[in-house]
1. Hey, for A:Leu212 with labels 7 Å out along Cα-Cβ, what do the inter-copy distances come to in nm, ordered shortest first?
2. With a 1.4 Å probe and all protein chains kept in place, how much accessible area does A:Glu156 have, in Å² rounded to the nearest 10?
3. Pull out the extension gain between B:Glu2 and B:Lys342, defined as 0.36 nm times the separation in residues minus the alpha carbon to alpha carbon distance; nm, one decimal.
4. Could you list which residues have their amide H under 5 Å from that of A:Ala245, counting only those 5 or more apart in sequence or on another chain, with H placed in the peptide plane?
5. Considering all projection directions equally, how large on average is the shadow of the alpha-carbon convex hull of the range A:188-274, in square nanometres?
6. Express the accessible area of chain A per residue in Å², computed with a 1.4 Å probe while the remaining protein chains stay in the model.
7. Based on the Cα atoms of the range A:242-335, what semi-axes does the equivalent ellipsoid have, where each is the square root of 5 times one gyration tensor eigenvalue, given in whole Å with the largest first?
8. How far apart are the B:Asn168 label points across copies, placing each 7 Å from Cα toward Cβ, in nm, shortest first?
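The values are calculated or read from the model by the stated rules, or taken from the named source; none is laboratory data. This one's a predicted model, so the numbers in the text were calculated from it and none came from an experiment. Cβ placement follows ideal geometry from the backbone for every residue including glycine, while neighbour counts extend to all protein chains displayed. With ligands, DNA and RNA removed, areas are computed over all heavy atoms of the protein, side chains included. Shrake-Rupley method; radii C 1.70, N 1.55, O 1.52, S 1.80 Å.
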Number of protein chains: 2
Amino acid sequence: MEREELYRKLSVTNEKKLVLVVLDGLGGIPVKGKTELETAQTPNLDFFASGSELGLSHPLGIGITPGSGPAHLSLFGYDPFKYEIGRGILEALGVGIPVTKKDVTARGNFATLENNLIVDRRAGRISTEKNREIVTFLNERLQKIDDVDVRLCSGEEHRFVLVMTGENLSDALTDADPEGIGLPIKYAMPKDDISMKTADVVNQFIDTATSLLGDFHPANTCLLRGFAKYPMIPSMTELFKLKPAAIASYPMYRGLAQLVGMDILETGKTIEDQIKTLKANYSKYDFFFIHVKKTDSYGEDGNFDAKVKVIEEFDYWLPAIMELFPGVMVVTGDHSTPAAMKSHSWHPNPFLIQAAFQRTSFKQNLKFGERTCAEGILGNFQAIDILPMMMANALKLKKYGA
Amino acid sequence: MEREELYRKLSVTNEKKLVLVVLDGLGGIPVKGKTELETAQTPNLDFFASGSELGLSHPLGIGITPGSGPAHLSLFGYDPFKYEIGRGILEALGVGIPVTKKDVTARGNFATLENNLIVDRRAGRISTEKNREIVTFLNERLQKIDDVDVRLCSGEEHRFVLVMTGENLSDALTDADPEGIGLPIKYAMPKDDISMKTADVVNQFIDTATSLLGDFHPANTCLLRGFAKYPMIPSMTELFKLKPAAIASYPMYRGLAQLVGMDILETGKTIEDQIKTLKANYSKYDFFFIHVKKTDSYGEDGNFDAKVKVIEEFDYWLPAIMELFPGVMVVTGDHSTPAAMKSHSWHPNPFLIQAAFQRTSFKQNLKFGERTCAEGILGNFQAIDILPMMMANALKLKKYGA
């Protein structure tokens with residue numbers, strides 16, 4: 001039986017609440033003998049770790065370093081190799097554009113056209129400020145092509161996202177990108193009959209934008225690639241019969257949560273704001289995804305100490321979650337971002353699950369950390385098993401078979 | 001996404017070198033309280049173990065005892081249940097016959113024919129010496145059938161390998177073996193139209209050999225089974241973008257390495273010879289498979305002490321590998337061969353990986369051994385994950401998804 005079929009069949013509702021706390025990029029590797037998490041003063045995590053099951057979770061598989069998209073799909077119980085989220089969609093989510101099932105998105109570059117040839121695919125990496133100016137200029141003049149609404153959103157430097165909204169749009173198009181210089185504008189080609197309309201809109205967009213941008217050299221044309229529709233993913237309600245909500249301040253994670261059917265709660269930028277949001281909405285949902293971004297940001301910056309501080313800040317607020325007595329609470333990462341590597345890595349995530357019916361450790365005075373988790377009762381496991389583990393611990397999964 | 005597709009997509013090259021040391025049949029079970037590895041004095045392995053990630057790797061799956069073929073495919077990153085290496089090929093590799101993609105091989109038995117009935121399928125288990133005499137006799141008289149070259153190679157006792165080389169050969173044949181006694185010679189049948197030529201060559205071979213062997217009773221006919229072509233396995237270069245070389249003195253392991261596209265380096269019979277070969281070729285490749293056979297041989301013999309000695313001999317040479325500063329080094333087995341069992345077993349392999357970006361143990365003064373590895377940060381895992389783990393640790397795998 002397929003994983004999703006199993007969940008649909010076995011999941012039941014009850015009054016228990018699940019809280020999944022994701023400290024983005026939590027895992028690290030030792031610097032002077034200790035990781036960020038092992039270095040952080042975390043009296044509350046340590047206290048709860050003693051009464052929890054511990055382990056290490058692999059986001060996608062041993063040795064595979066994940067991006068945020070697939071890492072979160074795994075955490076939400078989905079096979080990240082089954083559902084690939086198109087780059088256009090992720091970019092749109094990343095800059096905070098609301099995307100619906102009627103939309104097709106694409107990643108765009110401003111580029112330089114001279115004598116009808118693309119001579120720079122990045123328009124000399126114009127400033128983000130210049131990008132915003134051009135996007136505003138185009139959005140004012142180019143709002144509809146045939147019956148399709150078009151919208152541009154600025155990214156960094158030469159990058160933007162195009163969102164097309166309309167009936168019968170398709171993402172089965174080839175990239176409108178010559179992928180080299182000294183070549184003419186390349187138009188999108190439909191991969192099937194039903195995509196002809198979308199290809200026509202895309203190519204009209206390129207021509208119209210190019211004619212409007214005459215005075216904006218070096219940003220006087222554009223390339224479009226990674227056409228993507230909103231992926232068709234069954235919601236967490238369909239699979240797990242949960243009523244889920246996301247408490248995340250960064251657009252990409254709000255977007256990823258939205259992809260699996262979570263309600264996106266308004267919240268502020270601090271962990272304190274997020275805890276307040278949790279309390280205010282606690283009665284309305286039975287699953288909460290709380291996303292803390294800064295652990296990852298500081299990891300990417302190589303700022304070991306600042307990452308330690310974010311972990312300590314979360315630790316300070318942990319009792320405020322526990323005061324709500326959630327039926328099941330998990331604290332983990334989506335992937336590791338060791339400050340020593342300044343990047344995502346393949347190392348498995350420290351993982352803690354607290355619930356009523358558990359085999360906890362005999363050890364006292366545990367320090368919550370990667371190497372304590374390695375000795376935990378759960379051992380090494382796959383992150384896709386986290387959600388069923390939470391469901392089980394909340395008695396929300398029936399017995400399989402008689 | 002399939003495993004191999006993922007590797008093709010994510011693998012990149014860099015200057016880092018990977019060294020995979022396989023002590024064949026390394027793992028054991030305790031005799032008087034300690035395994036062979038736990039008994040061996042291994043100061044160098046112990047020293048490196050303290051700075052490495054440790055675990056136990058299952059060659060094929062829990063409880064599955066592997067042969068050398070599938071165990072090595074796993075170590076090289078391939079699904080051993082996807083690629084089955086025909087017995088004819090393995091036998092040919094085992095006796096050191098070079099096999100190419102134009103060949104079809106088969107395992108053969110000399111057998112006894114009386115009154116047109118097979119009365120002994122093993123020709124009274126003739127001596128290996130007698131076997132060699134017969135094979136030389138046949139090879140001198142029977143070199144070509146139609147346009148196909150045929151060659152026999154002696155195995156032990158009544159066993160031999162037949163290699164046919166020619167155009168349009170196929171291995172879709174039924175066995176030419178009555179599988180019982182008191183039955184007439186059984187001919188190979190083609191399983192499809194394109195196999196008719198090969199079946200015809202095989203059956204002419206049986207008839208001609210039988211007529212030539214008239215005076216060699218009890219070895220006066222032969223049976224052929226396990227027809228096999230060279231398997232179509234993507235090379236390690238295709239999957240992992242590696243330039244791989246094998247340093248192995250035994251033919252079967254050289255053959256297995258050749259199947260996945262490794263260059264086979266000339267080397268001697270001792271570990272010292274193998275280390276010299278490694279040094280001499282170190283600049284030319286970025287992946288080295290070093291195979292030490294005798295741990296397995298002594299395990300199969302039930303010679304606990306001699307197996308201990310081979311482990312100690314390898315330990316003596318380990319610093320010579322480390323002096324090359326490989327980016328990633330793994331020391332493990334392909335499967336366990338406990339001296340107490342005198343056979344391959346299902347017990348997982350002790351495993352050590354040393355690289356730059358690791359979570360090593362807190363523990364000092366580790367003894368490298370099965371039970372230390374069981375407490376290692378990697379836990380129990382599948383051997384097929386070893387190659388991606390090595391690639392990740394060498395930063396040769398890109399991130400999956402954004």
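1. 8.3
2. So the heavy atoms of A:Glu156 present about 110 Å² to solvent.
3. Working: separation 340, 0.36 × 340 = 122.40 nm, distance 3.73 nm.
Extending this stretch completely gives an extra 118.7 nm.
4. The list, which skips near neighbours in sequence, is A:Asp263, A:Phe287, A:Phe288, A:Phe289.
5. Numbers: hull surface 37.7 nm².
In nm², the orientation-averaged hull projection of the range A:188-274 is 9.4.
6. Details: 16170 Å² over 402 residues.
That works out to 40 Å² for each residue.
7. Working: eigenvalues 98, 53, 25 Å².
With the √(5λ) rule applied to the range A:242-335, the semi-axes are 22, 16, 11 Å.
8. 5.2
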